[in-house]
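Peer 1: Would you mind keeping the following structure in view while I ask a few things?
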Amino acid sequence: MAITRIRQCKPNFEELKTWGRIGLMLAVLPVGAMASQAAELMYAGTGGASQAAARKAYIEPFSAKTGIKVVEDEYDQKLAQVRAQVDTGTLKWDVVNATQLMVYVGCEEGLFEKVDWAKAGVDVEAFSEPVSPCAVPVVNSSGVLVYDADRFTGDTGPKSWQDFWDVEKFPGKRGLWYGPQETLVIALMADGVPPDKTNEVLASPGGVDRAFAKLEQLKPHILWWKSGSESMQLLASGEVVMTHAWNGRVYAANNADKKNFKIVWTAGHTNQSNSYAILKGAKNKEEAIQFIAYTAVPDAQAEFAKIIGYGPPNSKALDLLDEETKALIPSAHMQYAQRELGPVYANFWIENSDRLTERFAAWVSK
Amino acid sequence: MLLVSPALALVAAIFLLPMLGFLSEAFRTDEVRAALPHTTTALRQWDRGGLPDDEAFIAVASDLARLADIPAAAIARRLNASEAGLRSLIIRTREAALASPGLTAEGIRMLDPRWNEQRTWSILETETRIATPSFLLAAIDREIAPEGGIARLPPERAIFQVVLGRTFLISLLVTLGCVIIGFPVAYALVTAPDRLAAILILFVLLPFWTSALVRSAAWVVLLQREGLVNQFLLRIGAIDEPAALIFNRIGVLVAMIHVQLPLFVLPLLSVMRRVSPDLMRAAASLGAPPVTAFLQVYLPQVMPGVVAGALLVFTISLGYYITPALVGGPGDQMLSWFVAIYTNQTVNWGMAGALGIILVLSVGVVLGVLSLLQGTDAWKAQ
């Protein structure tokens with residue numbers, strides 16, 4: 001109709017041009033949208049220094065190699081955010097950086113794609129922990145006891161979590177992460193439980209009460225931190241004399257800010273891997289598998305470890321690190337580790353994490 | 001009435017309805033009832049004495065077998081919020097029911113000892129009633145005992161009476177602080193020459209226009225251990241070592257009073273402006289000393305402004321979240337902080353809704369009592 005009417009009129013070149021432009025836009029738009037969809041991967045990481053390292057070691061080289069553009073987003077590793085997207089079928093992300101507990105729960109609930117990783121080219125055997133069909137471990141980090149060696153010089157620093165609890169010998173505040181998971185385990189270590197037995201003790205009857213009772217002793221002396229950078233800032237400013245902190249943060253503080261923070265690995269540390277998982281029904285599933293396979297190779301994981309000081313879950317990456325770096329990452333100290341891994345850990349935290357999050361919030365605010 | 005109907009419609013659509021929907025999460029059970037219809041029917045015949053009939057066991061298995069992955073997980077999570085461990089019970093039972101369709105009641109009993117516990121069935125029964133009182137009870141530190149009746153929650157879970165008391169206390173202290181600081185400010189603004197008043201009111205309004213995040217961050221810089229306030233106090237020798245001014249109650253009160261002050265000053269200001277200065281002069285000419293004139297002539301006239309401002313500050317403080325979260329310690333968190341935990345972290349919307357109801361009721365009670373005390377005339381005077 002519109003076209004015949006234009007023909008009947010005198011030729012109006014301005015009008016024709018306008019129609020032409022609109023037609024061109026309509027023709028190009030869907031193609032453009034499809035093209036950009038095909039070569040994109042939506043990625044959600046943890047933000048901060050960790051995501052910056054992932055960008056350098058994983059995302060940028062992957063894009064350069066494959067031409068697949070990775071669009072980054074950040075989130076605070078809450079399964080609820082993944083659940084909301086999968087439940088409603090409105091997926092914002094393809095790949096997420098997930099904690100071990102998220103992988104356990106999400107895999108059971110069907111929130112992540114199950115993939116035959118060996119078929120996708122991942123050297124599953126090389127990993128220092130079992131690889132779930134739902135995710136591939138990409139970074140291994142530890143929560144450690146750390147103090148400022150400029151404050152406690154020579155041999156005068158704390159040696160154990162018992163020392164951490166000893167406010168007579170080491171007066172001053174202590175920093176702990178604001179949440180139940182690592183905190184309850186640390187309380188048990190301070191109560192004399194060997195690190196590798198803490199999962200069993202916590203899961204046994206009375207274990208949780210024992211941990212809370214131990215925490216109660218230290219409660220007035222605790223400053224709670226909520227982000228990794230906060231823990232380092234509290235230690236640097238002297239608000240706390242010692243703190244629990246992520247080992248990569250200590251690595252960064254010593255390297256970039258020239259601090260003299262000392263990690264007491266032998267006190268016992270909480271160790272966990274974060275993994276990359278694919279959301280169920282992800283639009284770019286094939287690209288996501290390619291990406292994860294890329295991040296699983298020793299080269300990439302070693303590069304990541306060098307930047308941030310967290311360990312590579314692929315043990316072959318260790319051979320690519322120098323001795324100095326190796327001493328600074330968790331894998332050299334695993335005999336002192338509580339691992340957030342295995343059936344005892346999984347069963348206990350799957351059932352109890354919500355309840356303990358609520359109980360912890362109640363306890364801490366009393 | 002016609003004039004305000006667009007406003008009413010807007011409020012209803014974007015505020016009242018969503019809010020009621022959220023609050024109704026506190027007692028809704030339709031999610032569970034829709035997922036477990038046979039169980040719901042079977043448990044209506046159970047009297048909570050001992051275990052229910054075989055029929056209920058088979059109903060649970062057949063209900064679970066019909067559910068898809070994601071709704072099944074949702075039910076498992078929801079029941080787990082009532083009792084840790086029910087999640088795995090539901091998931092394992094569903095797996096067994098899917099594997100062997102003809103699962104008997106005896107088979108389910110063998111599957112997991114928790115099916116032989118009256119407590120498990122008691123929770124299922126509560127969750128499949130038309131409406132559940134569990135969340136509202138938990139919000140006042142109570143629960144339904146397995147044998148029926150209402151019992152206190154164990155001490156490690158009982159927290160909300162303490163938190164509600166704290167919420168009222170902090171709000172009250174903030175209101176008091178605003179009255180003490182704000183009244184002289186408002187009086188100065190009214191009596192000052194116009195140009196000076198314009199500058200002064202800018203100081204009052206500035207925090208009002210600044211984002212809560214910026215304001216709170218500024219207080220952290222000022223009040224921290226090596227912050228400006230501590231450095232100053234150390235230099236003049238008022239203290240020997242840095243005082244704890246932030247991440248505790250002091251920090252919360254200072255920051256909240258700062259934020260709320262304009263809300264007190266502005267209503268008071270508008271009332272004070274209408275009081276003629278001639279009245280004070282008249283009182284003085286009749287022989288009243290300044291204090292008497294102030295108390296008997298001035299104060300009664302500006303009282304509606306004080307009450308309106310204080311009420312505004314108090315009710316808004318009751319729902320405060322962001323400032324205590326940023327400048328308070330764990331022991332200074334108010335009720336809305338727990339609403340946030342239940343909404344975002346543990347996704348326990350029943351609990352979040354129940355706490356929301358407590359908060360709304362508290363505000364309602366305060367407003368109701370005060371409007372009774374004030375009488376309707378005082379309200380109209382404003």
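Peer 1: Of all DSSP beta bridges located in the protein assembly as shown, what percent are antiparallel, nearest 5? Could you put the intermediate results ahead of the total?
Peer 2: Values: 27 of 44 bridges.
If we restrict to bridges inside the protein assembly as shown, about 60 percent are antiparallel.
Peer 1: For B:Arg142, enumerate residues with amide H under 5 Å from its amide H, sequence gap 5+ or separate chain, H modeled in the peptide plane.
Peer 2: For B:Arg142, the qualifying residues are B:Leu153.
Peer 1: For each pair in A:Lys173/A:Lys259; A:Lys159/A:Lys226; A:Lys69/A:Lys306; A:Lys173/A:Lys262; A:Lys169/A:Lys262, compute the distance between the two Cα atoms and list the pairs where it is over 27 Å.
Peer 2: Table pairs above 27 Å Cα-Cα: there are none.
Peer 1: Treating only the Cβ atoms of Lys and Arg (+1) and Asp and Glu (-1) as charged, compute the dipole magnitude of the protein assembly as shown about its Cα centre; round to the nearest 20 debye.
Peer 2: On the way: 65 positive and 71 negative charges, 463 e Å.
So the magnitude is around 2220 debye.
Peer 1: How many partner chain Cβ atoms sit within 10 Å of a residue's Cβ in peptide A:244-254, on average, as a whole number? Before the final figure, lay out each step's value.
Peer 2: Numbers: counts 0, 0, 0, 0, 0, 0, 0, 0, 0, 0, 0.
Mean partner-chain Cβ count within 10 Å for A:244-254: 0.
Peer 1: Go through the stretch B:85-99 residue by residue and turn each phi into a ³J(HN,Hα) via Karplus (6.51, -1.76, 1.60, θ = phi - 60°); whole Hz please, and just put x for glycine and proline.
Peer 2: x, 5, 4, 5, 4, 5, 5, 5, 5, 5, 4, 5, 5, 5, 6
Peer 1: Moving to a separate point now. Kindly express, to the nearest 10 degrees and within the range 0 to 90, the angle between helix A:180-190's C-alpha long axis and the longest C-alpha principal axis of chain A.
Peer 2: 20
Peer 1: List the residues, sorted by chain then number, that are 5 or more residues from A:Leu223 or on another chain and whose placed amide H is less than 5 Å from its amide H.
Peer 2: For A:Leu223, the qualifying residues are A:Arg174, A:Gly175, A:Leu176.
Peer 1: To make sure I understand, if each residue's beta carbon is the centre and we count other beta carbons within 10 Å, what order do A:Ile308, B:Ile239 fall in, fewest to most? Could the numbers behind the result be given before it?
Peer 2: Numbers: A:Ile308 25, B:Ile239 11.
The fewest-first ordering by Cβ neighbours comes to B:Ile239, A:Ile308.
Peer 1: Sort A:His221, B:His258 so the one with the fewest other Cβ atoms within 10 Å of its own Cβ comes first.
Peer 2: Neighbour counts put them in this order, fewest first: A:His221, B:His258.
Peer 1: Give me the percent of DSSP beta bridges within the stretch A:93-247 that run antiparallel, rounded to the nearest 5.
Peer 2: Within the stretch A:93-247, antiparallel bridges account for around 45 percent of the total.
Peer 1: Another question, then. Please compute the average number of Cβ atoms from other chains found within 10 Å of each residue's Cβ in peptide B:66-76. Numbers along the way, then the final one.
Peer 2: Details: counts 0, 0, 1, 5, 7, 1, 2, 8, 3, 0, 2.
Mean shielding count: 3.
Peer 1: Post the alpha-carbon centroid distance, the stretch B:68-131 to the stretch A:312-348, in whole angstrom.
Peer 2: Result: 37 Å between the Cα centres.
Peer 1: Check which residues have an amide H placed less than 5 Å from A:Phe127's amide H, if you skip close sequence neighbours.
Peer 2: It is A:Ser315, by chain and number.
Peer 1: Another question about this same structure. For the stretch A:320-335, what does the Karplus curve 6.51 cos²θ - 1.76 cosθ + 1.60, with θ = phi - 60°, yield as ³J(HN,Hα) per residue in whole Hz, taken in order and with x for Gly and Pro?
Peer 2: Once θ is set to phi - 60°, the couplings for the stretch A:320-335 become 8, 9, 6, 4, 5, 5, 4, 5, 8, 9, x, 4, 6, 10, 5, 5 Hz.
Peer 1: Same structure, new question: Report the full-extension gain for the segment A:Lys326 to A:Ala52: residue separation times 0.36 nm, less the Cα-Cα distance, to one decimal in nm.
Peer 2: Gain on extension, A:Lys326 to A:Ala52, equals 96.5 nm.
Peer 1: Something else about it: Considering only DSSP beta bridges with both partners in chain A, what is the antiparallel share in %, to the nearest 5?
Peer 2: Around 60 percent of the beta bridges assigned by DSSP in chain A are antiparallel ones.
Peer 1: Still on this structure: Can you give the angle from 0 to 90° between the axis of helix B:194-209 and the longest principal axis of chain B, with both taken from C-alpha atoms, to the nearest 10?
Peer 2: The helix B:194-209 is inclined about 10 degrees to chain B.
Peer 1: To continue, here is another question. Would you mind giving the mean number of other chain beta-carbons within 10 Å of the Cβ of each residue in A:347-358, as a whole number? Display every interim value, and only then the final one.
Peer 2: On the way: counts 2, 1, 0, 6, 8, 4, 4, 10, 9, 2, 5, 11.
That average works out to 5.
Peer 1: Turning to a different aspect of this structure: Ranking A:Lys69, A:Lys169 by Cβ neighbours within 10 Å, fewest first, what do you get?
Peer 2: A:Lys169, A:Lys69
Peer 1: Let me ask another. Taking only Cα atoms, what is the 0 to 90° angle, nearest 10, from helix A:79-88's long axis to the longest principal axis of chain A?
Peer 2: Result, in degrees: 30.
Each value in this text was obtained by applying a stated rule to the coordinates, not by laboratory testing. On a predicted model such as this, the values are computed, not experimentally measured, just so you know. We place every Cβ from the backbone using ideal geometry, glycine too, and count neighbours over all the protein chains shown.
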